[in-house]
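Below: one structure, written as C-alpha cells.
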Amino acid sequence: MKFKKLLLASLCLGVSASVFAADYDLKFGMVAGPSSNEYKAVEFFAKEVKEKSNGKIDVAIFPSSQLGDDRVMIKQLKDGALDFTLGESARFQIYFPEAEVFALPYMIPNFETSKKALLDTKFGQSLLKKIDKELNVQVLSVAYNGTRQTTSNRAINSIDDMKGLKLRVPNAATNLAYAKYVGAAPTPMAFSEVYLALQTNSVDGQENPLPTIQAQKFYEVQKYLALTNHILNDQLYLVSNDTLADLPEDLQKVVKDAAAKAAEYHTKLFVDGENSLVEFFKSQGVTVTQPDLKPFKAALTPYYDEYLKKNGEVGKMAIEEISNLTK
C-alpha cells in the first residue's frame, strides 16, 4: 500500500496528474478466479470502497492465486506486503491449531452457527485477538462460502458407497480426515488439476461447495452428486493492520463498512446459488442422492478425539461452546 505524493509537475493542460489518481493504491489478493462468487463479491468491495471514498482509495484485485496461495497471502498481510485477502476461519489452524474446529466435519450445521462461533463465543473472540496481535491481521467481516458436497463417478446412496472411492481433497487436515474416516481413499491434489483428473478417472470424485462445482464445470465429468454436507466454509475479509493504520479514521470506516456490505453480498451469492443449483445439476444429467448422514458423522468421532487430544482445554472449550449454539 503506497500513499501517492502530490506531483509538482503539471500536465500540458496545467492539471496536476494527482487529480486523476487515488491517494491510496491497495491490493486485494485471492485464490479464486474471475468466474467465482468470491471474485464478484471482492469486485463489489472494491467498487464500494472507491465510491464511498470519493476515489481516494483504489483497490486492485489479483485473482487466481497470482500472489500465492492463501497461506502465502496471509503471511504477506502479516508483513505489510499485501493489504487484503480472503481466508477461512479454519485456515488459521496453521498458526493456531485450535482453529481447526471450524472445519471439523459435521461440527457446524449452518452459517449462522459458524458466524456466532467466531464472533460471539469466548473461544472465537480469543482467536480473533490472537489473529490481531500475533499476525498483525484484522478480520473485517464474515461471509458464507458454501457447504461442501461430494461428486463422484458412481452413486453414493450410503456411507458404504464411499468405501475405496479415490476422492480428491485439498491438502488440509479436515478434508483428508473426512475422506479417510468415511472409508474413501483421500487423494490430495492441486485445485487446477482436478477437472482433468476427474475426466481421465485418475480420481473417482471430489468435494466442494455447489457453486464451485458449477463454476469449474465438474458436472461435465461427474454424473453423481451426493449431498454429504460435511464441511461448512466461511470466508473472512482480512486486512493488514499496517494498511488500516495508514488510513485516516474516515477512510478506515469506509473500508470496514464496504467489507460488511461485501460479506452480505458474498453470502447472498452462495445462498441463492445453492438454492437453485441442485435442479441445475439435475438438468445437466447429474443424479443427486441424499444419503443418511448420521453414519457419516458417527464415523468422524475418532477424529474429534484426535482434535481434543491435540488441543486440550482450549479444544474442549471450542467444541462445547459451538455445540451449545445449536441446542
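A few comments on the model shown:
- Expressed as a whole percent, the proportion of Cα-Cα pairs in region 238-327 lying more than 23 Å apart is 63%.
- Using equal-weight Cα scatterers in the Debye expression, the normalised intensity of region 174-234 in log10 at q = 0.16, 0.25 Å⁻¹ is -0.51, -1.32.
- Computed E for Asp305/Ser64 - FRET, C-beta separation, R0 45 angstrom, nearest 0.05: 0.75
- Estimated distance in nm for a label pair at Ala185 and Asp257, the labels positioned 7 Å out from Cα along Cα-to-Cβ: 5.6
- Virtual spin-label span in nm between Phe280 and Gln199, 7 Å along Cα→Cβ: 2.0
- Long pairs among Lys180/Lys223; Lys116/Lys223; Lys297/Lys327; Lys253/Lys310, criterion Cα-Cα beyond 27 Å: Lys116/Lys223; Lys253/Lys310
- Note on Asn324 and Asn157: their simple-model spin labels are 4.3 nm apart, each label 7 Å out from Cα toward Cβ.
- In units of the compact-protein estimate 2.2 N^0.38 Å, region 44-157 shows a Cα radius of gyration of 1.25.
- Ratio of Rg to Rh over the chain (Cα coordinates, Kirkwood Rh, two decimals): 1.02
- Sites Ser192 and Val271, calculated FRET efficiency, Cβ-Cβ separation with R0 30 Å, nearest 0.05: 0.65
- Taking all Cα pairs closer than 8 Å and separated by 6 or more residues, the relative contact order of region 13-165 comes to 18 percent.
- On full extension, the segment bounded by Glu220 and Lys130 gains 28.1 nm, given 0.36 nm per residue less the C-alpha separation.
- With protein chains left intact and a 1.4 Å probe, residues in region 49-185 average 39 Å² of accessible area per residue.
- Compactness of region 143-259 as Cα Rg over 2.2 N^0.38 Å, two decimals: 1.36
- Per residue, the convex hull spanned by the alpha carbons of region 136-200 comes to 128 Å³.
- Selected from Ser114, Ser36, Ala298, residue furthest toward positive end of dipole (the chain; charges at beta carbon): Ala298
- Less than 5 angstrom separates the built amide H of Thr289 from those of Leu225, Ala226, Leu227, all sequence-distant by 5 or more or on a different chain.
The values are calculated or read from the model by the stated rules, or taken from the named source; none is laboratory data. The model shown is predicted, which means the values in this text are computed figures rather than measured ones. All Cβ positions, even for glycine, are placed from backbone atoms using ideal geometry, and neighbour counts span all protein chains on display. The accessibility values were calculated without ligands, DNA or RNA, using every heavy atom of the protein model including side chains. Shrake-Rupley method; radii C 1.70, N 1.55, O 1.52, S 1.80 Å.
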